[in-house]
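The values are calculated or read from the model by the stated rules, or taken from the named source; none is laboratory data. Given the structure is predicted, the values throughout are model-derived calculations rather than measurements. Because the Cβ atoms are built from the backbone with ideal geometry, glycine has one as well, and the counts that use them run over all protein chains shown.
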Amino acid sequence: MSQTLNPAAFMNNPDTHSGVTNAKLGVWLFLASEIMLFATLFTSYIVLRMGATSWPWGWDVLNVPLATLNTVILISSSVTIVMAYAKAYDKNKSGFQGWMAATLALSFGFLVVKAFEYGAEFKLGIGPHTSVFYAIYFTMTGLHGIHILGGIAVNGGLLYMSSVKEHWENPLFLGRVEGAGLYWHFVDIVWIFLFPALYLL
Amino acid sequence: MSHDEHGHHKLTFWEKYIFSVDHKVIGLQYLITSFVFLLVGFGLMMLMRWQLAFPGTPIPFFGNLFPADLAPNGVMSGEFYNALGAMHGTIMVFLGVVPLAVGAYGNYVLPLQIGAPDMAFPRMNMMSYWLYLPGGALMLSSFLMPGGAAQSGWTSYPPLSIINPGQTLWLLSMVILITSSLLGAINFLVTTINMRAPGMSLWRMPVFCWAQFVTAVLLLLAFPPLEAASVLQLMDRVFHTSFYMPKDLVILGKAYAGSGGGQPLLWQHLFWFLAHPEVYVLVLPPMGIVAEIIANNTRKPLHGYKTMVFSMVAIGVMSFLVWAHHMFISGMSPALGNFFLVTTMIISVPSVAILTCLIFSLKGASIRYNVPMLFALAFLPLFGIGGLTGLPLGLTVTDIYLHDTYYVIGHFHFVVVTGSIIALMGGTYHWFPKWFGRKMNDTLGLIHFWGSTASMVGIFLPMLFMGLAGASRRLYDPTAQLHNLPVQGWNVVSTISAYLLALFQLPFIYNFFNSLFNGEKTPENPWQATTLEWACPSPPPHGNFAKTPRVYRGPYEYSVPGRKTDFWMQTDPS
Amino acid sequence: MSNNKDARRDEHRPDVGLYVKVFAALMVLTMITVAISKFHLPRPQAIALGLFVAVIKASLVGALFMHLWGENKLIHRTLFIVAGGAAILILPLIDCVMISHRITSPADVASQHPHEGGHAATHEEK
């Protein structure tokens, strides 16, 4: 690819460049669409709940301790990924890889806990078809889980890329780590709202 | 297309034409694909038009090609008719016009007009196309599924859409298409914000770029709600949840098996939350194309460039606040209906402002009547009819009578066909010299232009008459109701015009492919235009500009007094 | 080299001490939400408190982990536009409120669904 295609070359036009790298702006715009996606799901949740004749308390029908554990796991993973960013900023490769691996381990942990939770419900014959409450619960946590899987793919990819000299020394690498971090924090924020909305209120 | 080798690294055929990351190749891929989808969608409609004009008679020539369950003895069945209707709408909107306006024109022209070497994310651009094509193929393949394609209209209102067969593939395909559009929108926004050439301030961007920019914002914010809504409907169909299924639903005398407790109106809200901004996605880029063509062929600056840009932004904002005028008689709260009535009346103001600016641009000009300009000129009154016929639909009182009649169909086809598609066809004639370095034939272009506009009006004007007489849309057999019989003759007129329209596309198709190889060769700037896409070779090489261009002035400096030529290019230093 | 400098221009200097403090705060707030739910407050108060804590947590993550604090104005503007877009979704809610008394007012339910009263809740508990 020729040099003119390097987006960084365009950063030298202060009059026509916003000052935000393409990658970061792209990630934020992607998150903007994700915000609209989850805002719609929360709206649907509220509409369905307002239209329902009765609505169960989350702690009556769902497993709050497991969900609390998952909250702790996800918040911790948010910290580990921001630590990975700090290490990448300092050009500390082994530090980056350690924190990124921790992030991945925590994300898998989240999915495992989630699987236990789903498994227990399926065993009782409860599924998305049981009631509108469970429909919302399975759909929203399921979509959130898919986002976790996406994050695992991205973070795993970055972990692999850091072991390749060419990628690690690429000046755009730090921006990629930051973008992955932004996405992961967003997934964390979604869970911060999902947890009380489904389990506690 | 064959001259873009500059010898750094030989690209294989696959890298160059199939999985290309070059915005120009991707733009042309979008162009060809979306034209094919437009033809497919039009073909479906021609089958339906036969049934509407001559209900109960076998479809000529093609009738016996369909399996007996779709068309027994060559006569279209009701289920098949419904499937054709749903797929016609879906294909035309999501696979035809939007990819053509945004994917093809936006992709090819926007980076050139702002002086960028490519889109901000070339590989993501490729991914958009390669999600769009399989998504479209999946949509078409639903015809082959047992039970056939989706049969609940392009709006897919539940509970019908959850009961009817074929809907699952429709939803899956929509999720893929939405993802493709979202990636495209992100790409357009970042490109416009960050990749402009030095000197290309926002207020020096051509109107077309502004139109694409506003369109991208609409796509980015309006599509995710439909994605969420589609996921919920998919859950309803696949996992038997009841997001949209109300309590105590009885279908054909049997109680619905799901838990119930859902809200059918929720889907309508979420669907139209996308689909109304989508209307402006269909209309804004064509308006931009018309503005480019008019400025170029009137040889004078556009009247009210800033007014047009502000109007486009205003349309963008307001388009999020009008959606429920599609739902006035759905059971929605009437008080909220009044709110949407007011916003609908407000949004007509900027639309009229844009049209007025375009008409005023013609004042006092010595107009060059070439083929693209004819299309642009036809856009003005015909789109005007489309817009004005919308007002009675936006007023709750008149909408009660007109809702779900042929009047609605006439209205939005005037907007989308004689508005958007006319402008997009004009754009093809306008930018063809840039794409291929050759010009399309004028005589064939004139035949195409006069034939198409006349037959389009012939299709849609009768629909307005039928609708005013009370004929309902989506009827399989219009002669089954007594009140439709007096206007059945208009259905025949409409059908014959549709077949004429098909006939008049033949010169266009021939012209397009013939001019690719035998068209008159053109210089870099055959229209003597001012904008940046005409400042690079035709077709532009990989990377577009030999060196990054510098922009010195606004986009429409035509006939500036005291200059030798009547156009002053944006890149011209003096 | 010059690209390197440019690309770094808009990246944020990490502050490890701050991250640890935010982490601690998030943990405490999580425990608070769970603890509140143990009191079994009436619904309106429970929802208000729960959302209040969630908003604080989300703001902490957004402002400090996602570096929105001190981020380029363009990102802030983008988020304001999105917030405006998401705020429009209030309209379906308003519609639902305006028509919902037709669906769920006790008199209406009693007349149309005679066997309803609390049936769904008992079903949920087993």
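Points to keep in mind about this one:
- The condition of being of a type in the set (A, V, I, L, M), within 23 Å of B:T298 (Cα to Cα) and surrounded by 16 or more Cβ atoms within 10 Å (Cβ to Cβ) holds for only one of B:V551, B:V487, B:V457, that being B:V551.
- Annotation note: Cβ proximity below 8 Å between a residue of the range B:426-445 that is closer than 19 Å to B:G106 by Cβ and a residue that is aliphatic (A, V, I, L, M) and assigned to a loop (DSSP other than H, G, I, E, B) (sequence gap 6+ or interchain) occurs for B:T428/B:M440; B:Y429/B:M440; B:F432/B:M440; B:F436/B:M1.
- Being in contact (Cβ under 8 Å) with a residue 40 or more places away in the chain, assigned by TED's automatic domain parsing to the domain that holds B:L336 and outside any helix (DSSP H, G or I) is a description that does not apply to B:I409.
- The range B:1-39, subset of a type in the set (G, A, S) and not in a helix (DSSP H, G or I), residue modelled with the lowest pLDDT: B:S2
- Only a single item in (1) crowded, with 24+ Cβ neighbours inside 10 Å; (2) in contact with an Asp or Glu (Cβ under 7 Å, 6 or more places away or on another chain); (3) in a loop (DSSP other than H, G, I, E, B); (4) at the interface with chain A (Cβ under 9 Å from one of its Cβ atoms) is not met by B:A222, and it is number (3).
- Among residues of the range B:232-248, those that are more than 7 Å from chain A (Cβ to nearest Cβ), of a type outside the set (D, E, K, R), surrounded by 23 or more Cβ atoms within 10 Å (Cβ to Cβ) and in a helix (DSSP H, G or I), counted: 1
- Filtered by the rule that a residue be facing chain C (nearest Cβ under 9 Å) and either under 13 Å from the mean Cα position of the chain (by Cα) or of a type in the set (S, T, Y) (or both), the range A:67-81 gives A:T68, A:T71, A:I75, A:S76, A:S78, A:V79, A:I81.
- Residues that are within 14 Å of chain C (Cβ to nearest Cβ), part of a helix (DSSP H, G or I) and of a type in the set (S, T, N, Q), drawn from the range A:84-136: A:T103
- Taking the criterion of being farther than 17 Å from C:I32 by Cβ and facing chain C (nearest Cβ under 7 Å), the residues of the range A:184-201 that qualify are A:H185, A:D188, A:I189.
- Residue within the range B:367-383 that is among the polar types (S, T, N, Q) and in a loop (DSSP other than H, G, I, E, B) present: yes
- Within the range B:198-209, the set of residues being surrounded by 23 or more Cβ atoms within 10 Å (Cβ to Cβ) and farther than 13 Å from B:Y105 by Cα comprises B:M200, B:M205, B:P206, B:V207.
- Taken together, the criteria place B:Y30 among residues that are touching a residue at least 40 places away in the same chain (Cβ under 8 Å) and under 21 Å from B:L516 (Cα atoms).
- Options B:L183, B:L189, B:L219: the member that is closer than 16 Å to B:F273 by Cβ, modelled with pLDDT of 95 or more and not charged (D, E, K, R): B:L219
- Test for B:S156: is it buried (at least 23 other Cβ atoms within 10 Å of the Cβ), part of a helix (DSSP H, G or I) and modelled with pLDDT under 95: no
- A single entry from B:L266, B:L249 fulfils the requirement of being touching a residue at least 60 places away in the same chain (Cβ under 8 Å) and closer than 28 Å to A:I126 by Cα: B:L249.
- Residue within the range B:444-456 that is touching a Gly at 6+ places or on another chain (Cβ under 9 Å), of a type in the set (G, A, S) and farther than 23 Å from B:Y476 by Cβ present: no
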